[in-house]
Amino acid sequence: MKKFLFPALFLVSGAPALADEGQWQPYQLPQLKAELKKVGITIPAEKLADLSKHPMSAIVSTGGCSASFVSPDGLIVTNHHCAYDAIQRNSSAKKNYIVDGFLAKTRDQELPAGASARVYITDKVDNVSKEVGEGVTATMSGRERRERIQSNIKKIIADCEQDKAYRCSVPSFHRGLEYYRIRQMMIRDVRLVYAPADMIGNYGGDIDNFEWPRHTGDFSFIRAYVGKDGRPADPSPDNVPYRSKDFLVVSAEGLKNGDPILLAGYPGRTSRYKLPAEIRFARDTDYPIRAAEMLADIATIEAAAKGNPDDEVRYASVVKGINNRLKKTQGLIAGFARKDIAAIKDQQDAQFRLWLSGKDAKQAQTLLSQLDAVIAQDMALSQEEFAYSVATNSDLFSSARTLYRLALEKEKPNAQREGGYQERDLAFIKGRLTRLEQSFVSKVDQARLTEGLARYAKLPAHPAGLDALLPTADAIAAMFSKTQLHNTAQRLAWMEKDRAAFAQSDDAFIRWAVQLHDVGMSLENRRKEIDGNLDFIIPQYMQAVIDWKKSQGKPVYPDANSTLRVTFGNVGAYSPRNGVTKGPFTTVEGIVEKHTGLDPFIAPAPLLQAIKEQRFGVFKDPILGTVPVDFLSSADTTGGNSGSAVMNKRGELIGLNFDSTYESITNDWYFDTAITRAIHVDIRYMLWVMKEVDHADNVLKEMTIKYPR
């Protein structure tokens, strides 16, 4: 067996694929013509593979969610929860857009989405595996290999970013087997246009999160702005709406059970090629301790902010984000308990190892023993890294640590700095430091750090040297009284200071960051050693896995990694357990049935009145006899797909992805065709709310909408 570090690879053979499984890179779609046709998609596969053509040219990322252009004037639709930061940052107890919703009737009323808000438009993707692997050898230590790979990637990025309108990245595919350079136009003036009230956009709250049936109107609109020359520019009142080359036509014609759908977006992370040992570690160790930590952190925040409406608003987005991760983690734990995915992977792994040994038993044994050893090291180190994060659970410490590291990295030539601290990253650092203005309260941060340290003491794995540097509970209060980092201007001022200023500072959090630096660097260097060893062994393993799957005539697609992907499937019901079948649509009558008048089931009075009067108009489904709210499909999605455009067979927008069913959460590790279902908000409900409830006529008028005949 040959040892390939970074071989070129055509990932899809002519073998048939499951219609609903697969988060495909756009370039792979021409090899799936038969499957697209079988599902019912009529857009030519070659067109879907071309990022410069409709509809792919209308699909964008917001840096954590997916979205799409829906007008030529930079109007973008995404999920309500994806715009939640923008909504929260413009809210206060007196002017609460979370509760009341927000609508800009004119362009000059649109609100800034925040210093860190971005829109990314992917326009070019190139395979750079050879360039990334240049100079990488089998004799290198893990750290040397990792640093050489990162050095190569930084050079590729620097060359790509000669034009400052673009942000480039070089993510790995198939766990380091391939690398692609992704070029994206990065728009940094983003504004909030319209968001329904939380009683619509988050109806059902965390109780309904990942559940079905759902009745959530999880949608909102933002707009991208650029300079008058059409290029990205810093936020300014002189900027103009971005003229989007393409945008999606909205179809209000509706869907029915069995109809084909096409979904495009930026799925976050999946782990379908992980080993059985990695699954058991996640199931038995990692996920349980992370779930417990999130539960405790939420309780701490809520207790510290209780009784102060301004504090509750400031931490609303933080709590919502933790809650979402918690519900998913709990769903993964429950999913692992319901279906023994590790046992399924055991069988697959045993078959693979037998096949590999049949090709060359000695080399197979060497590869697999090295693989198992480095995976074990990876899992052990991750427990120490988690413990460090629990012990330092403070926004002020995080700021101080980032600032001190920046001062040290600025001593190096830009090309030699660690990723995240180069000149290209300064705006992002400034944005994070500024963002605390709207999401920080000193007493809450103090409570999080105090309680985090108490929980850290009970964890089994502690990083060497850390315990002696941790403050006592009594000392923490003094630390918060001896810092200026809670002041935005003070935080930003530290971006310009050097190592000596940090060493001489009497600011308690600056001093603590300096003291903990060596422990943090020890963890980082150990991580580089392990990751460098993974960079050597995992690509060989993945090449063998792909060869094995191809020998069985099975399709091969890479794990999700926050890059542009396409999936497809059909509208469809599912059976979560014996004797129970859940249909693919919910309707507005379900909102009334769930309405209790108690949070999170409080439907706005205008919405309830519109339902009572049956003011459904053209949005009434002819089969359902009412307005549909949400629907299910067999599309392959995960986190990051939130806000993804759900399109009909012609590429017209018919909904937005926003969730998956509870039974589907383990989809990240193992795709179960029978029960995996994605949850989408129906475009007809969105349009109906805009017209009948919020009277967002200006936004409706801006879009191109195809109504039923």
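The values are calculated or read from the model by the stated rules, or taken from the named source; none is laboratory data. Bear in mind the structure is a predicted one, so any value in this text is a computation, not a measurement. Cβ: placed from backbone, ideal geometry, glycine included. Neighbour counts: every protein chain shown. Each accessible area value is taken on the protein alone, full model and side chains, heavy atoms only, with ligands, DNA and RNA left out. Shrake-Rupley method; radii C 1.70, N 1.55, O 1.52, S 1.80 Å.
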Quiz item: What is the extension gain from Q515 to K245, computed as 0.36 nm multiplied by their sequence separation minus the C-alpha to C-alpha distance, in nm to one decimal?
Solution: 92.1 nm
Quiz item: What does the charge dipole of the chain about its Cα centre add up to, to the nearest 20 debye, if the Cβ of each Lys and Arg holds +1 and the Cβ of each Asp and Glu holds -1?
Solution: 1280
Quiz item: With every protein chain left in place, what is the accessible area per residue of the range 479-635 in square angstrom, probe 1.4 Å?
Solution: 42
Self-check item: Cross-link pairs K582/K649; K53/K410; K256/K701; K33/K345 - those with Cα-Cα distance over 32 Å
Solution: K53/K410
Quiz prompt | Coordinate range along principal axes, alpha carbons of the chain, Å, largest first | solution = 68, 67, 55
Self-check item: Expected 222 nm ellipticity per residue - DSSP helices of 4 or more, -39500 (n - 2.57), all of the chain, to 500
Solution: -12500 deg cm²/dmol
Exercise. Order the peptides 227-240, 645-658 from the highest to the lowest mean number of other Cβ atoms within 10 Å of their residues.
Key: 645-658, 227-240
Quiz item: On the accessible surface of the chain, probed at 1.4 Å, how many percent belong to carbon and sulfur atoms?
Solution: 51
Exercise. Arrange the peptides 129-136, 179-186 so that the one whose residues have, on average, the most other Cβ atoms within 10 Å appears first.
Key: 179-186, 129-136
Exercise. State, to one decimal in nm, how far the label point of H695 lies from the label point of K105, with both points 7 Å from Cα in the Cβ direction.
Key: 0.8
Quiz item: Which FRET efficiency value, to the nearest 0.05, is calculated for R269 and E613 with the Förster distance at 56 angstrom and r the Cβ-Cβ distance?
Solution: 0.80
Quiz item: Given L326, I344, T488, which one lies farthest toward the positive end of the charge dipole of the chain, if we put +1 on the Cβ of every Lys and Arg and -1 on the Cβ of every Asp and Glu?
Solution: I344
Practice problem: Using packing as a proxy for protection, rank 603-616, 56-69 so that the peptide with the highest average count of other Cβ atoms within 10 Å comes first. | Solution: 56-69, 603-616
Exercise. Would you work out which of T567, G142, Q614 lies farthest towards the positive end of the dipole of the chain? Charges go on Cβ: Lys and Arg +1, Asp and Glu -1.
Key: T567
Practice problem: Work out the length of the dipole vector of the range 241-388 about its Cα centre, built from +1 on the beta-carbon of each Lys and Arg and -1 on the beta-carbon of each Asp and Glu, and round it to the nearest 20 debye. | Solution: 520
Exercise. Report the FRET efficiency, 1/(1 + (r/R0)^6), for I623 and A573, where r is their Cβ-Cβ distance and R0 is 22 Å, rounded to 0.05.
Key: 0.95
Practice problem: Calculate, in nm to one decimal, what A473 and D372 gain on full extension: separation in residues at 0.36 nm each, minus their alpha carbon distance. | Solution: 32.3 nm
Practice problem: Return P(r) of the range 199-279 (all Cα-Cα pairs; 5 Å bins starting at 0; whole %; ordered from short to long distances). | Solution: 3, 8, 10, 10, 16, 15, 14, 12, 8, 3, 1, 0
Quiz prompt | Cα-based Lys proximity count in the range 103-198, under 19 Å, for pairs eight or more positions apart or on separate chains | solution = 7
Practice problem: Name the lysines eligible as straight-distance cross-link partners of K320: C-alpha to C-alpha under 22 Å, and not fewer than 8 places from it in the same chain. | Solution: K94, K95, K306, K328, K443, K594
Quiz prompt | Among P213, Q184, N202 the positive-end extreme of the charge dipole of the range 155-278 (Cβ point charges) | solution = Q184
Quiz item: Dipole magnitude of the range 44-172 about its Cα centre, charges +1 at Lys/Arg Cβ and -1 at Asp/Glu Cβ only, in debye to the nearest 20?
Solution: 380
